[in-house]
Amino acid sequence: MSEQNKTWCPNIEFNETDEELILKAELPGVKIEDLIINAQTRFVSISGICNPDKSTDEKEVIPSQFNYGQIKCNTPLPVAIQPEKTRAEFIDGVLTISMPKLRVASAVNF
């Protein structure tokens, strides 16, 4: 299988505040316009494409350890979020998705 036909998932980490769940994904070499982010109440998916950036004169000396090809990552979330309020930013090859937690109304006794 050629590297460009491989499907891969980026390295990710989760952080949490009282208000938000924050996912960070390493996507070096990927262009923001080549990414699709889909947030749902209980999962987030990242998909897209990463093509090698080689000049026509370059020849690969040893097999690359970089990830190229289809990006496909479906990640279940540890808490429910508000998908419509999700924000994403992409800086220096790191995608940060900030997802406000879904607040569940507590029961009130009368």
I want the antiparallel fraction of DSSP beta bridges within the chain, as a percent rounded to 5.
95 percent
Can you compute the modelled spin-label distance between W8 and K72, with each label point 7 Å from Cα toward Cβ, in nm?
1.6 nm
If you take every residue apart from T41 with its C-beta less than 14 Å away from the C-beta of T41, what net charge results, scoring Lys and Arg +1 and Asp and Glu -1?
+3
For the chain, what is the relative contact order in percent, using Cα pairs closer than 8 Å and at least 6 residues apart in sequence?
33 percent
Would you order S64, S98 from fewest to most other beta-carbon atoms within 10 Å of each residue's own beta-carbon?
S64, S98
For I22 paired with V61, estimate the spin-label separation in nm (one decimal), with each label point 7 Å from Cα along the Cα-to-Cβ line.
3.9 nm
Within the chain, pairs of Lys residues whose Cα atoms are less than 29 angstrom apart, provided they are eight or more positions apart or on distinct chains, add up to 19
Projected convex hull area of the chain, Cα atoms, direction-averaged, in nm², equals 8.8 nm²
Report the net charge of residues surrounding F14, where surrounding means a beta-carbon distance below 15 angstrom and charges are Lys +1, Arg +1, Asp -1, Glu -1.
-3
Could you give the length gained by full extension between I91 and N51, i.e. 0.36 nm per residue of separation minus their alpha carbon distance, to one decimal place?
12.6 nm
Using the Cβ atoms and a cut-off under 12 Å, what net charge is assigned to the surroundings of T96, where Lys and Arg are +1 and Asp and Glu are -1?
-3
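Rule-based calculations on the coordinates, nothing more; no lab input. Just so you know, these numbers come straight off a predicted model, no measurement behind them. FYI the Cβ positions are ideal-geometry reconstructions off the backbone, even for glycines, and counts take in every protein chain you see.
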